[in-house]
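One structure is given below, encoded as structure tokens.
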Amino acid sequence: MPGFASAPRSWAWGSTGKSTLPKAALYVNTADPGTGVADWPKDNTDLNGVSEAPGNVNADPYGVCDGLDSQACAWQYGWDRAVQDVDWLVAAATQVGVVSTPSAYRWWLDVETGNSWETGSSGLANNVADLQGMVAAFTATGTGASVGIYSTSYQWGQITGGSRAGNLGGLSDWIPGARTLSGAKSNCSLTGFTGSVMITQWFGKPYDGDWAC
């Protein structure tokens, strides 16, 4: 996994942590670029040769992906990206000697307008399907990971139309944007865009700070 270093992972797993939160978490990028990318799916077969076609255990809820710009293919694209993330985790964590079990981590999905997203009503629906596919893959049988969303209400609205559909509803939220620690603490009282606010962030130097609500 790019940037997966042994020192911070070892520190995280050796810390006392906060009893209600996983000791270590991973932050992964998200996007729905549509058909203009080389890894856009052509069917429901994922990167490991497993099929999510209708009728299979982890079936694509939007039906058959035929390579077009559709909810079915957007869901499969999101699923594929999560499968790729899990594969990277297992390989990298094993290499540096830290926990490699995907379900031992919370996976935070970075959903920001600076990434590639579709627009228009059909585009927003595809974006929703894409994120649902990622969540489904992380929480599928054999992985069982917990998932949260890193975003803001504004960005979530721009990308998904404010959707809480399907498995997006009830996810924990990590909200950036505060300028101070006191502001981050205050933001714990905000209404979440998918579920309850779990973590808030404030701008810091040289690193941003995070507050567990």
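Consider region 57-68. How many of its residues are closer than 30 Å to VAL99 by Cα and either of a type in the set (Lys, Arg) or at pLDDT 95 or above (or both)? Residues that pass the stated criteria total 2. Restricting to region 138-163, and then to whatever is in contact (Cβ under 8 Å) with a residue 60 or more places away in the chain and among the hydroxyl-bearing types (Ser, Thr, Tyr), can you tell me which residue is farthest from VAL90 (Cα to Cα)? My answer is TYR150.
Going through THR160, THR139, THR113 one at a time, which residue ends up being in contact with a helix residue (DSSP H, G or I) (Cβ under 9 Å, 6 or more places away or on another chain) and either at pLDDT below 95 or on the phi > 0 side of the Ramachandran plot (or both)?
THR139
Test ALA92 against the stated conditions and say whether it is at pLDDT below 95, of a type in the set (A, V, I, L, M) and either farther than 27 Å from LEU124 by Cα or under 20 Å from the mean Cα position of the chain (by Cα) (or both). For ALA92, the condition - at pLDDT below 95, of a type in the set (A, V, I, L, M) and either farther than 27 Å from LEU124 by Cα or under 20 Å from the mean Cα position of the chain (by Cα) (or both) - is met. Restricting attention to region 139-181 and to residues that are touching a strand residue (DSSP E or B) at 6+ places or on another chain (Cβ under 7 Å) and hydroxyl-bearing (Ser, Thr, Tyr), the residue that is farthest from GLY209 (Cα to Cα) turns out to be THR139.
Answer yes or no as to whether VAL128 is modelled with pLDDT under 95, among the β-branched types (Val, Ile, Thr) and surrounded by 18 or more Cβ atoms within 10 Å (Cβ to Cβ).
No, not satisfied.
Scanning region 105-118 for residues that are over 14 Å from the mean Cα position of the chain (by Cα) and surrounded by 17 or more Cβ atoms within 10 Å (Cβ to Cβ) turns up TRP117, GLU118.
Restricting attention to region 20-39 and to residues that are within 13 Å of SER116 (Cα to Cα) and modelled with pLDDT of 90 or more, the residue that is surrounded by the fewest Cβ atoms within 10 Å (Cβ to Cβ) turns out to be VAL37. For region 47-59, a tally of residues being without any contact (Cβ under 8 Å) to a residue 40 or more places away in the chain and either over 21 Å from GLU118 (Cβ atoms) or not in a loop (DSSP other than H, G, I, E, B) (or both) returns 9. Only one entry in GLY166, GLY133, GLY120 is out of contact with any Ser or Thr (no Cβ under 9 Å at 6 or more places or on another chain) and without any contact (Cβ under 8 Å) to a residue 24 or more places away in the chain, namely GLY120.
Within this structure, SER121 fails the test of being among the hydroxyl-bearing types (Ser, Thr, Tyr) and under 17 Å from the mean Cα position of the chain (by Cα). Residues in region 60-91 that are in contact (Cβ under 8 Å) with a residue 12 or more places away in the chain and assigned to a loop (DSSP other than H, G, I, E, B): ASP60, PRO61, TYR62, VAL64, CYS65, ASP66, GLY67, LEU68, ASP69, SER70. State whether the residues of region 150-157 include one that is in contact with a helix residue (DSSP H, G or I) (Cβ under 9 Å, 6 or more places away or on another chain) and farther than 15 Å from PRO33 by Cα. Yes.
The values are calculated or read from the model by the stated rules, or taken from the named source; none is laboratory data. Since this is a predicted model, take the numbers as computed values, not measurements. Positions of Cβ are backbone-derived with ideal geometry, glycine not excepted, and every protein chain shown enters the neighbour counts.
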